[in-house]
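Below is one structure, written out as structure tokens, with a few remarks after it.
Every number here is computed from the coordinates shown, using simple stated rules; none is lab data. The structure displayed is predicted, hence computed values, not measured ones. Reconstructed Cβ throughout: ideal geometry from the backbone, glycine too, with neighbour counts over all protein chains shown.
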Amino acid sequence: MTATKKNIQLFVPTFRVDECLEEIRECLEKGWTGLGFKTLDLEERWKEYTGLPHAHYLNSATAGLRYAVKLLKQKHGWSDGDEIISTPITFVSTNHAILYEDMRVVFADVDHFGCLDPDSVEAAITPNTRAVMFVGLGGNTGQYDRIVQICRERGLQLILDAAHMAGTRLRGVTPGQEADAVVYSFQAVKNLPTADSGMVCFQDGDLDKLVRQLSWLGIDKDTFTRSQSGGVYKWYYDVPSLGFKDHGNSIMASMGLVQLRYLDQDNAYRRQLATWYEGALSGEVDFVPVAEGCESSRHLFQVRVPRRDEVLMALNGAGVFPGVHYRDNSEFTMYANQGKPCERARSFSDSVISLPMHLRLTRADVMFVCETLKQVLAVH
């Protein structure tokens with residue numbers, strides 16, 4: 001009898017189905033599936049969990065990043081064409097958010113963690129620099145403390161793209177207390193998965209109020225708030241500004257509330273998977289380290305290999321399906337003219353592989369991935 005071929009995927013989300021359905025059932029029974037009710041509950045739970053002062057639930061992290069740039073630009077009077085320093089090793093949402101608001105992306109290089117290198121950030125600062133966009137790649141904090149220090153010393157705003165960082169802690173504290181805005185992703189394969197949604201957390205309470213208005217088409221009172229107000233004027237509202245329809249809904253928030261109950265437990269298992277990977281690959285494969293003091297969410301476990309594309313193809317042939325996080329954004333047509341290439345970012349992009357990392361993996365799966373990778377490297 002032939003052995004069943006392995007099929008070990010990069011990401012497979014795990015949902016507590018019965019609990020999610022129970023939360024969603026409450027929405028259906030009450031007849032309230034949109035903004036409000038569960039979205040407000042999730043925002044309160046998220047503030048308690050992270051210690052951040054404000055949280056607004058949106059339909060995606062991409063929307064959150066755009067609002068972070070948009071509202072900081074509005075608050076501080078930035079001009080079109082002003083610069084935000086960012087990383088080329090990220091999903092394009094990070095840098096699209098800057099372009100959406102008619103600002104210029106300036107790439108700085110990355111360090112061995114795959115995060116922004118502080119020395120490169122300092123070298124990239126010009127009189128037109130207004131902010132730094134720091135990405136916690138894979139849940140790693142990298143040299144975040146130094147980036148915070150640079151922003152404070154140079155009077156720059158700091159946006160933390162925490163799409164991979166749900167549950168990450170730095171010396172026991174959720175990173176972002178020092179940032180002007182923090183944005184999380186609850187997209188389908190993230191550590192806290194829904195179908196798709198995100199959270200934007202501003203330090204400034206006025207910006208939190210404003211993002212709530214702008215993400216509901218610029219209307220000054222959302223439908224849920226008006227439904228709770230009593231009286232005969234529930235239909236009466238004003239539209240003082242032009243907004244968008246980016247708010248989250250109670251169905252996705254219901255799923256998020258359940259997932260949040262298990263986030264620390266799930267991340268602990270991810271760290272166990274990483275420990276198994278490190279034990280099996282130590283001394284044979286160069287893996288991307290986690291910064292000292294960082295209790296990473298371990299959204300990713302990344303290794304760097306020679307002849308990366310050949311290695312990926314060979315792994316696929318053996319039933320192992322890793323990913324690449326990320327292709328150097330400066331290789332995309334959209335970002336081809338963002339200044340000189342970042343050499344370490346290009347090298348990172350050409351050599352990095354994200355190994356399978358999800359809650360359904362067993363130790364035996366991890367050992368199979370590691371043994372297969374070592375066999376492939378011996379050939380390639």
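Of note:
- Here the Karplus relation 6.51 cos²θ - 1.76 cosθ + 1.60, evaluated at θ = phi - 60°, turns the backbone of segment 322-327 into coupling constants of x, x, 10, 10, 9, 6 Hz, with x for every Gly and Pro.
- Long-range Cα-Cα pairs in segment 322-380 (distance over 12 Å), rounded percent: 74 percent
- With K and R counted +1 and D and E -1, the other residues having a Cβ less than 11 Å from that of residue 104 yield a net charge of -4.
- Scanning residues 5 or more positions from residue 141 or on other chains, those with amide H under 5 Å from its amide H are 291, with H placed 1.01 Å from N in the peptide plane.
- For segment 1-142, the C-alpha radius of gyration divided by 2.2 N^0.38 Å, with N the number of residues, is 1.41.
- Taking the Kirkwood radius as Rh and the Cα radius of gyration as Rg, segment 17-261 has a ratio of Rg/Rh equal to 0.99.
- Only helices enter the 222 nm calculation for the chain: every DSSP H run of n ≥ 4 contributes -39,500 (n - 2.57), and dividing by all residues gives -12500 deg cm²/dmol, rounded to 500.
- Cα shape, segment 109-218, gyration tensor, a/c 1.5 rule: oblate
- All-pairs Cα distance distribution in segment 263-379, expressed in whole percent, bin size 5 Å: 2, 11, 20, 22, 18, 13, 9, 5, 1, 0
- Residue with peak Gaussian network fluctuation, the chain [Cα springs, cutoff 10 Å], from 157, 74, 302: 74
- Charge tally in the Cβ shell below 10 Å around residue 296, where Lys, Arg are +1 and Asp, Glu are -1, residue 296 excluded: +3
- Cβ-based exposure ranking for 294, 27, in which fewest neighbours within 10 Å come first: 27, 294
- 3J(HN,Hα) along segment 185-194, derived from phi through the Karplus expression 6.51 cos²θ - 1.76 cosθ + 1.60 where θ = phi - 60°, amounts to 10, 10, 5, 4, 10, 6, 5, 10, x, 10 Hz, with x in place of Gly and Pro.
- HN-Hα J in Hz across segment 363-380 - Karplus 6.51, -1.76, 1.60, θ = phi - 60°, x for Gly and Pro: 4, 4, 4, 4, 5, 5, 4, 5, 5, 5, 4, 5, 5, 5, 5, 5, 8, 9
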